[in-house]
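The structure appears below as structure tokens.
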Amino acid sequence: MIELNAITKQFGEYPALHGIDLSINKGEFIALLGPSGSGKTTLLRIIAGLEVQDGGTVALEGEDVSRRKVADRGVGFVFQQYALFKHMNVAENIGFGLSVRPRSQRPNRAAIRARAEELLGLVQLEGLGNRYPAQLSGGQRQRVALARALAIEPRLLLLDEPFGALDAKVRKDLRRWLRELHGRLGITSIFVTHDQEEALELADRVVVMNQGRIEQVGTPEEIYMHPATPFVSQFVGETNLLPAANGAPDGALAVYVRPHEIEIVKSGGEALRVGNVFRKGGVWRIEGHLAADQRLVEIDADASSPPPASGETILIRPKHLRTFAQTGAEQ
Amino acid sequence: MSDTYTPTAPSPWLRAFGRGVFFRKRSRSVLPGFRLSLGFSVAWLTLIVLIPLATIILKTLGMGWDEFVRVGLSDRALAAYRLSFGTALSAGLVNAFAGLLVAWVLVRYDFPGKRVIGATVDLPFALPTAVAGIALTSLYGTNGWLGAWLEPHGIKVAYTPLGITIALIFIGLPFVVRQVEPVLADLGKDVEEAAATLGARRGQTFVRVILPAILPALLTGFALAFARGVGEYGSVIFISGNMPGLTEIAPLLIVTQLEEYNYAGATAIATIMMVASFGILLLINLLQAVTRRRQA
Amino acid sequence: MSNPITASTTETAPVRWLLIGLSLAFLALFLVLPLAEVFAEGFKDGLGVWKTAVTSPDALASIRLTLLIAAISVPANLVFGIAASWATAKFTFPGKSLLITLIDLPFSVSPVVSGMIFVLLFGANSALGPLLREHDIKIIFAVPGIVLATTFITFPFVARELIPLMEEQGKDDEEAAISLGANGWQTFWHVTLPNIRWGLLYGVLLCNARAMGEFGAVSVVSGHIRGETNTMPPHVEILYNEYDFVGAFAVASLLAGLALVTLVAKTLLEWRFDLHHKGAH
């Protein structure tokens, strides 16, 4: 469906993307996950044609669209700040894409309005067609923006931090709703986020980006359980960086362990001096320093038994090891 | 009462403090000087602005309807209104286009010398009108740099309504540019990008997305330029030629009446001009209210 | 640029340069050319003639009078502007928005009408006329009339700059100062004034430019008495109407110089202190 081939982009002196290769299948729901400045939004905008790559090609459905203007790519784009047209009502916003078509392909007024109403139903905003964007809540506006992008029947839907401007509760509802909608429409979609939880919850596959490069592409399970690089391990989920000596295979220099992958043992573990202990959802979060080198380690311990007291020394051992043949330079 | 602190609602803590220390009942603010500053402002406003302006109303009311109509609606006066409003309207329209163009270029594009050019736009605000008036007259006169070039082509500018319009274009341009500029700058790039992703061509985006968003500001700029143009005197009288009935603008007619000590005539003309101006401004405001209503 | 397609929200280079070219041509034709004409005509016959023209007794008298008028009107409106903005920005009271609207009133009145109202009020045929004559007080066709008309014309300038500025700054700082024991004047001098000084300067600058350059209102009330009631703009008019073009443009070039200084200072203030200005007058 989408083939990105060696995409590079430079903003002045600052390299934003270093040769991105990525292929996405029809109907997939893809998350571009990364910290700010990782190039994820730039990549999304290049796919849309809002930004022009310096090198490389973008192919949609086997067709090289690298030199096609944004208006000719047939790509739906949802903006972080909605970007609704304030002077048009909701129905006019949704119908905009149809109304700017060349005269020969343009549906008549009534057909455009009917299509808008239909999409309003799809995004569960029936009857709000005559409202103006200023009269809607943030969540409603984002759904109008989505309906507007869907109205042109895009072959690809791109969403730039679609929930970024919403508050936590609305975000969560909208997230669930969007996943259902994707399930129903099956339209190939890519969304950009810096929120790993959002990426893991929504996407079929997650593309983790850092400093203009792709670190890993994989299912949420793969990304979380089998991070390919130290960066992924640290960026997705919480991670402790332990010295490699702790039973690591030969050659490995650093060991990454998730807080819930560390167990408290009676003997044969590393000594840890307990600092803060607090409840974190269903588990105890124990923060402490290794006796050996004072490094900070976070542990999630079963909350059914009482936690160790602050100041106590306990023995810990990783249940599961992840090693990278790199130093901890990226910590 | 909400617990959020706003400048107009002093925090409970400060209010309690204020009561304890100052015993101010009238203004609940702890800040001093309310009576002094307001009293002085209102007194000064009344003396310098309100009382003098009220004399127009008094004079008009004391005139009697027949006389008011005789002077205020004489043929000469009617011709002057037509000229003043007509040229102000034409200049306003030219400025609406040119001002939009200049604002667009200043906001959207980068080019060498942009800042200096941005500052030039304010020249008509800073240059005394009489100076502009003689300079334009000299430029467009028969021997002027532009006049010498235009007149052989049959375009006569000095001492014609065209000359008046040019003077009013000079005066009015910054009003439009300065109104449109900030709105254009605030207009998010993302709406234009959204239009592009939906398949709109650049021209469609301009007409359907950008123009409606800046229309209220453009209208305000036009209205300000127009209102200024109707009352403008200094930059116009040199280039207008001042022929009664032909190139005599309404403000000049007022001056002429005053010079003849015909205060009633001057007042009648001034009143009609002001009523007409306010009427037109009101109309533009209404138009604006319609365009702006939904974008709040 | 290796790639022929451009970003989606700008025009292609040729269109861009066409629009830039068009607007520069418009500005050059309508704004810059008249300004250049003033200096070209003023210095046409050389520096010596220019100097003679601007140092003639009548010219010097008009310069002196212009400075005098500005020296009265500008401080008067400065004090008013500070008082009005203090009252409206730091306090709420009924009729506040009406007050702000009324302050702007002089902007919507034609300059000649601004002069006319003082003629109606103090002129020979006015109600006050006989009384003034009796006490031998001359207002119209004399300096007091010019001061009044100029003050009226420039009335909103300072207030209009300061009111939004002070409103934006709120009154937290002042309340903090008061709570620390400062009195009203101390608070104003040490807290408010430093916060508003650049906006104040900006307003004074524009006010001064208009005060020195006002023509319509002043010509109505001044009576055009040479060497006595002519400020610089009416003096330019007289010289011009007498076909003393070089003299007229020489004095005009002084006023144009003032305009340029004003523009430069205004622009510097805007750049340096990030004052935002919409629809100034």
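The values are calculated or read from the model by the stated rules, or taken from the named source; none is laboratory data. Just so you know, these numbers come straight off a predicted model, no measurement behind them. As a convention, Cβ positions derive from the backbone with ideal geometry for all residues, glycine included, and neighbour counts pool all protein chains shown.
Tabulated data for the structure shown
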{"item": "Filtered residues of the stretch A:289-303 (kept if within 14 Å of A:E263 (Cβ to Cβ), without any contact (Cβ under 8 Å) to a residue 60 or more places away in the chain and of a type outside the set (A, V, I, L, M))", "result": "A:D300, A:D302"}
{"item": "Matching residues, the stretch A:20-67, being hydroxyl-bearing (S, T, Y) and more than 14 Å from chain C (Cβ to nearest Cβ)", "result": "A:S23, A:S36, A:S38, A:T41"}
{"item": "Test for C:A265: is it at pLDDT 90 or above, more than 7 Å from every other protein chain (Cβ to nearest Cβ) and in a helix (DSSP H, G or I)", "result": "yes"}
{"item": "Check on B:A135, free of Cβ contacts under 8 Å to residues at least 24 places away in the same chain and buried (at least 23 other Cβ atoms within 10 Å of the Cβ)", "result": "yes"}
{"item": "The stretch A:293-314, residues that are exposed (fewer than 10 other Cβ atoms within 10 Å of the Cβ) and hydrophobic (A, V, I, L, M, F, W, C)", "result": "A:A309"}
{"item": "Some residue of the stretch A:193-206 being buried (at least 22 other Cβ atoms within 10 Å of the Cβ) and free of Cβ contacts under 8 Å to residues at least 40 places away in the same chain", "result": "no"}
{"item": "Filter result for the condition that a residue is assigned to a helix (DSSP H, G or I), more than 8 Å from every other protein chain (Cβ to nearest Cβ) and of a type outside the set (S, T, Y), over C:E237, C:E270", "result": "C:E270"}
{"item": "Strands (runs of 3 or more DSSP E) (entirely within the stretch A:1-83) containing at least 1 residues that are among the acidic types (D, E) and surrounded by fewer than 20 Cβ atoms within 10 Å (Cβ to Cβ)", "result": "A:2-11, A:14-24"}
{"item": "Some residue of the stretch C:18-30 being in contact (Cβ under 8 Å) with a residue 12 or more places away in the chain, of a type in the set (F, W, Y) and surrounded by 14 or more Cβ atoms within 10 Å (Cβ to Cβ)", "result": "no"}
{"item": "Residue match in the stretch C:216-231 (condition: in a helix (DSSP H, G or I), within 8 Å of chain B (Cβ to nearest Cβ), in contact (Cβ under 8 Å) with a residue 24 or more places away in the chain and surrounded by fewer than 22 Cβ atoms within 10 Å (Cβ to Cβ))", "result": "no"}
{"item": "Checklist (1) touching a His at 6+ places or on another chain (Cβ under 8 Å); (2) buried (at least 21 other Cβ atoms within 10 Å of the Cβ) applied to B:E193, failing item", "result": "(1)"}
{"item": "Which listed residue, of B:T120, B:T142, B:T165, B:T137, is over 25 Å from C:S108 (Cβ atoms), more than 10 Å from every other protein chain (Cβ to nearest Cβ) and not hydrophobic (A, V, I, L, M, F, W, C)", "result": "B:T142"}
{"item": "Condition met for C:V109 (farther than 30 Å from B:L281 by Cα and either among the β-branched types (V, I, T) or in contact with a Cys (Cβ under 7 Å, 6 or more places away or on another chain) (or both))", "result": "no"}
{"item": "For C:S62: the one exception among (1) more than 14 Å from C:R210 (Cβ to Cβ); (2) touching a helix residue (DSSP H, G or I) at 6+ places or on another chain (Cβ under 8 Å); (3) within 9 Å of chain B (Cβ to nearest Cβ); (4) not basic (K, R)", "result": "(3)"}
{"item": "Some residue of the stretch B:98-115 being in the same structural domain as B:V236 (by TED's automatic domain parsing), touching a residue at least 60 places away in the same chain (Cβ under 8 Å) and either at positive phi or polar (S, T, N, Q) (or both)", "result": "no"}
{"item": "In the stretch B:105-117, residue farthest from C:E237 (Cα to Cα) [restricted to those that are within 7 Å of chain C (Cβ to nearest Cβ) and touching a Leu at 6+ places or on another chain (Cβ under 7 Å)]", "result": "B:V105"}
{"item": "Hey, C:V74 of a type in the set (V, I, T), under 23 Å from the mean Cα position of the chain (by Cα) and at the interface with chain B (Cβ under 8 Å from one of its Cβ atoms) or not", "result": "no"}
{"item": "Among the candidates C:G203, C:G145, residue that is within 16 Å of the chain's Cα centre (by Cα) and surrounded by 24 or more Cβ atoms within 10 Å (Cβ to Cβ)", "result": "C:G203"}
{"item": "One residue from C:T92, C:T12, C:T55, C:T6 being at pLDDT below 95, at the interface with chain B (Cβ under 8 Å from one of its Cβ atoms) and more than 22 Å from the chain's Cα centre (by Cα)", "result": "C:T92"}
{"item": "Residue satisfying all of: in the stretch C:250-262; of a type outside the set (A, V, I, L, M) and more than 7 Å from every other protein chain (Cβ to nearest Cβ); nearest to B:I134 (Cα to Cα) among these", "result": "C:S253"}
{"item": "Complete set of residues in the stretch B:196-207 that are of a type in the set (A, V, I, L, M, F, W, C) and surrounded by 22 or more Cβ atoms within 10 Å (Cβ to Cβ)", "result": "B:A196, B:L198, B:A200"}
{"item": "Residues (within 22 Å of the chain's Cα centre (by Cα) and in contact (Cβ under 8 Å) with a residue 24 or more places away in the chain) located in the stretch B:44-63", "result": "B:I56"}
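One line per residue, one yes/no per condition, for (1) more than 7 Å from chain C (Cβ to nearest Cβ); (2) more than 30 Å from C:A36 (Cα to Cα); (3) among the hydrophobic types (A, V, I, L, M, F, W, C); (4) part of a loop (DSSP other than H, G, I, E, B):
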{"position": "B:F40", "(1), (2), (3), (4)": "no, yes, yes, no"}
{"position": "B:I48", "(1), (2), (3), (4)": "no, yes, yes, no"}
{"position": "B:I51", "(1), (2), (3), (4)": "yes, yes, yes, no"}
{"position": "B:I56", "(1), (2), (3), (4)": "no, yes, yes, no"}
{"position": "B:E67", "(1), (2), (3), (4)": "yes, yes, no, no"}
{"position": "B:T87", "(1), (2), (3), (4)": "yes, no, no, no"}
{"position": "B:N95", "(1), (2), (3), (4)": "yes, no, no, no"}
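For (1) surrounded by fewer than 20 Cβ atoms within 10 Å (Cβ to Cβ); (2) closer than 30 Å to A:I24 by Cβ; (3) touching a Cys at 6+ places or on another chain (Cβ under 6 Å); (4) more than 13 Å from chain B (Cβ to nearest Cβ), each residue gets a yes or a no:
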| site | (1), (2), (3), (4) |
| --- | --- |
| A:P102 | yes, yes, no, no |
| A:Q105 | yes, yes, no, no |
| A:G139 | yes, yes, no, yes |
| A:R143 | no, yes, no, yes |
| A:R155 | yes, yes, no, no |
